[in-house]
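*Asks:* This is the structure I have questions about; it appears just below.
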Amino acid sequence: QVYLVESGGGLVQAGESLRLSCAASGRTFSTNAMAWSRQGLGKERAIVAALPWSGGSAYYADSVKGRFSISRDNAKNTVYLQMNSLKPEDPAVYYCAAGPFIGIGVRIKDYAYWGQGTQVTVSS
């Protein structure tokens, strides 16, 4: 079991930045693939960024490519999502996810463990 707790959400203006953090505990964090997903109002949850346990190349959804950056610090059992140039279409509940597999997962069903989410709101 991996327990995930997100933080860092809030209200910002369009064009500003936020950094989300996800603190993990439980099963060995370093051997889990990690991801950030989001679910906007009336929309399905979707992966926006993902990183394999080995720290190799990341995946980004087209909607966030070039603006968001995912990283992990295995010593701190934490994964981050740096969000720059936030747009009015970015507001959502952002969820951290973990999965004990090799490689990178780009589907919601790839991940076994989920946090409770943190709200991001962007005013235009």
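*Asks:* Say whether the condition of being within 17 Å of Ala112 (Cβ to Cβ), at pLDDT 95 or above and of a type in the set (A, V, I, L, M) is met by at least one residue in region 14-26.
*Replies:* no
*Asks:* Which of the residues that make up region 20-54 are part of a loop (DSSP other than H, G, I, E, B) and either out of contact with any helix residue (DSSP H, G or I) (no Cβ under 6 Å at 6 or more places or on another chain) or not charged (D, E, K, R) (or both)? Talk me through it step by step, then tell me what you get.
*Replies:* Taking region 20-54 and keeping what is part of a loop (DSSP other than H, G, I, E, B), we get 27-28, 32, 40-45, 52-54.
Matches in region 20-54: Arg27, Thr28, Asn32, Gly40, Leu41, Gly42, Lys43, Glu44, Pro52, Trp53, Ser54.
*Asks:* Can you name the number of the only condition in (1) touching an Asp or Glu at 6+ places or on another chain (Cβ under 9 Å); (2) farther than 18 Å from Arg19 by Cα; (3) polar (S, T, N, Q) that Ser54 fails?
*Replies:* Condition (1) is where Ser54 drops out.
*Asks:* Out of everything in region 25-68 that is open to solvent by less than 60 Å² (accessible area, probe 1.4 Å) and charged (D, E, K, R), what residue ends up being nearest to Val93 (Cα to Cα)?
*Replies:* Within region 25-68, the match that is nearest to Val93 (Cα to Cα) is Arg38.
*Asks:* What are the residues in region 55-73 that are touching a residue at least 12 places away in the same chain (Cβ under 8 Å) and small (Gly, Ala, Ser), if any?
*Replies:* Restricting attention to region 55-73, the residues satisfying the condition of being touching a residue at least 12 places away in the same chain (Cβ under 8 Å) are 55-61, 63-64, 67-72.
Gly55, Gly56, Ser57, Ala58, Ala61, Ser63, Ser69, Ser71 - these are the residues of region 55-73 that are touching a residue at least 12 places away in the same chain (Cβ under 8 Å) and small (Gly, Ala, Ser).
The values are calculated or read from the model by the stated rules, or taken from the named source; none is laboratory data. Computed from a prediction, not measured in an experiment: that's the story for all the values here. Cβ atoms come from the backbone with ideal geometry, glycine included; neighbour counts cover every protein chain shown. Only protein heavy atoms, including side chains, enter the accessible area calculation; ligands, DNA and RNA are left aside. Shrake-Rupley method; radii C 1.70, N 1.55, O 1.52, S 1.80 Å.
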